[in-house]
1. Need the C-alpha centroid separation for the range A:50-71 versus the range A:76-132, integer Å.
2. Filter the cross-link list B:Lys12/B:Lys250; B:Lys101/B:Lys155; A:Lys101/A:Lys141; A:Lys118/B:Lys155; A:Lys20/A:Lys195; A:Lys124/B:Lys257 down to pairs whose alpha-carbon distance in this structure exceeds 19 Å.
3. Select from chain B the helices, each a whole stretch of DSSP H, whose alpha-carbon atoms run 20 Å or more along the helix axis and whose Kyte-Doolittle mean is at least -0.5; answer none if there are none.
4. Highest GNM mean-square fluctuation, chain B, Cα pairs closer than 10 Å: which of B:Leu88, B:Leu239, B:Leu13?
5. Under 14 Å from the Cβ of B:Ala119, count the other residues' Cβ atoms, weight Lys and Arg +1, Asp and Glu -1, and hand me the total.
6. Give the cross-link partners of B:Lys70 among the aspartates and glutamates, using a straight C-alpha distance below 15 Å as the criterion and excluding same-chain residues fewer than 8 apart.
7. I need the peptides A:155-164, A:169-178, B:118-127 ranked by packing, meaning the mean over residues of other C-beta atoms within 10 angstrom, with the highest value on top.
8. In whole angstrom, note down how far apart the Cα centers of the range B:102-169 and the range B:4-48 are.
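The values are calculated or read from the model by the stated rules, or taken from the named source; none is laboratory data. Please read these numbers as outputs of a predicted model, since none were measured by experiment. Reconstructed Cβ throughout: ideal geometry from the backbone, glycine too, with neighbour counts over all protein chains shown. Quick note on the areas: whole protein, heavy atoms, side chains included, nothing else; ligands and nucleic acids left out. Shrake-Rupley method; radii C 1.70, N 1.55, O 1.52, S 1.80 Å.
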Amino acid sequence: MLNDTAPLLSVVPSGAADTKPSVLSVSVEDHRYHPLQQTLAPSALELKKGEVVSIIGPSGCGKSTFLRIAAGLIEASSGKISSTTDRTAILFQEHRLLPWKSLLNNISFGLQGQKLSKFQRMKKARAVAYAMGFTEDDLIKYPSELSGGMRQRGALARALAVEPDLLFLDEPFSALDIGRRRDLYRLVLHEVDEKQCSVLMVTHDVTEALALSDRVLVMAPDPGHFAKEYEVPLARSERTRRNLLELEASLLADDRIAQLFNMSNWEQLV
Amino acid sequence: MIHHMLSTLLSKLWSGWGTLAGVFLIFALWQVGFEAFGSLVLPAPLEALSRLVDLVALPSGLEYILITAKRAFAGFLLASAFGIFFGLIAGWSNTLSLLCKPFITVALGVPPIAWIVLALLWFGGDDGTPIFTVFISTIPLIFAGALQGVRMREKELDEMAQSFHVPPVQRFWQVQAPQIVSYLFPAWATALGLSWKVVVMAELLSSTRGIGAGLAEARVNIDTASTMAWIVVVVGLLLVIEGMLLNPVKDYVEGWKHAE
């Protein structure tokens, strides 16, 4: 049995986010993959240093597209992005490790974007890998020899090895079981607390968003736009499974949002 | 570690046994054929093998083999260089890939024998004809392999590399090249086998030297023992190339696929 009163995540709160400088500001005017179909309506977002912001919304609402634009992977049809850092990393839904490289070489792969010698890259990758609980034996394995949870942890190690000021998460936890998932939550939040890393996360899991974020943005589809912004009232250290349920209830109490997730009468399971 | 090395060695030896068993089975069936049909249809394997020893012992026999090998490799290497180069370029462009499709179909559809006739008219009876024929009949395979490799690569991995600002050269060698190779390699191996067959055919019709010319002589003399001896040479060399060149390269480039 889980102890209901135990903190879900033992993490120090990130403090008053209001006074922190902005790290990323995204303002999308319009985005289309197809000229006749608008994927994103005007939607804007500002991310402060050390802040964790989640975008939630039903599947296909455009939240992943917004994240891709924010991360600079694609360019908005019309819009502006300004970021104070170029140390960014993205964690994708799939691990995207290179199957022909050992875990250690996969973790050091992302460091090639920085001006480091091969020796420095390996040293750094090794340090990050050990910090994340990998053993010497794991490091020489190919991704196909690792379990699903270890692969995603390897992908997180690759992302954190570049010491990002800005971390983008594109539903990276959705394929993991609850225990593996919490391990990764802790690793990400540790980075947020220790290094003031900012996180922009996309998820369709409302509970996950409420557990991790300072702010939750709800995106509605056709075309994608932010329908609601919700500041999570509790500090992260005070959040437990029980009061997260209450937070979820208060968020879904808004009829528009409950409808968005097809969750009218959400308290009924089936 | 030692255990690992020992097990790879054992599995190598084991696959060697398999090949050897297959070869002996073929010789056994050959012997059965000889006993059933007589030496004009199929000479005794031992007779063909002793003829083979005679042929290789002659200075011209070894020379024939070397000439054929040189022609096959020249055509094959030219086809590899051009095929891979243009295949990579075409693969990166949607328009070019679409435009190339009919060309590949046509080039694969023209029988090598037709190329030999054309090549004879263009290059005459020298090295040019077999080299060109090998080149022109293998290049569509290699080109298509390289093109497919570029087209079928996982865009997600490109996106991942882009997200880390990995420079284009490293991105090519570490992310794209391994995927391209996994498409290219089977095509490349097929092309190598094809180049052996085609070079002998081209020589038979066009050349006065080389294994194909040796076969042509054997035909004129109705000498089945020499014919079979030359066939053993061609097939034997193909087996050697596969074991000494293709398999080690394959193990090297696809080693990660066989991780336990």
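1. 20
2. Pairs exceeding the cut-off: B:Lys101/B:Lys155; A:Lys118/B:Lys155; A:Lys124/B:Lys257.
3. Those that pass (Cα extent of 20 Å or more, hydropathy at least -0.5) are B:2-37, B:59-91, B:94-109, B:128-151, B:177-206, B:224-241.
4. Its mean-square fluctuation being the largest, the pick is B:Leu13.
5. Once positives and negatives cancel, what remains is -2.
6. Within the straight-line cut-off, B:Lys70 pairs with B:Asp126, B:Asp127, B:Glu203.
7. A:155-164, A:169-178, B:118-127
8. Spelled out, the Cα-based centre of one part sits 34 Å from the other.
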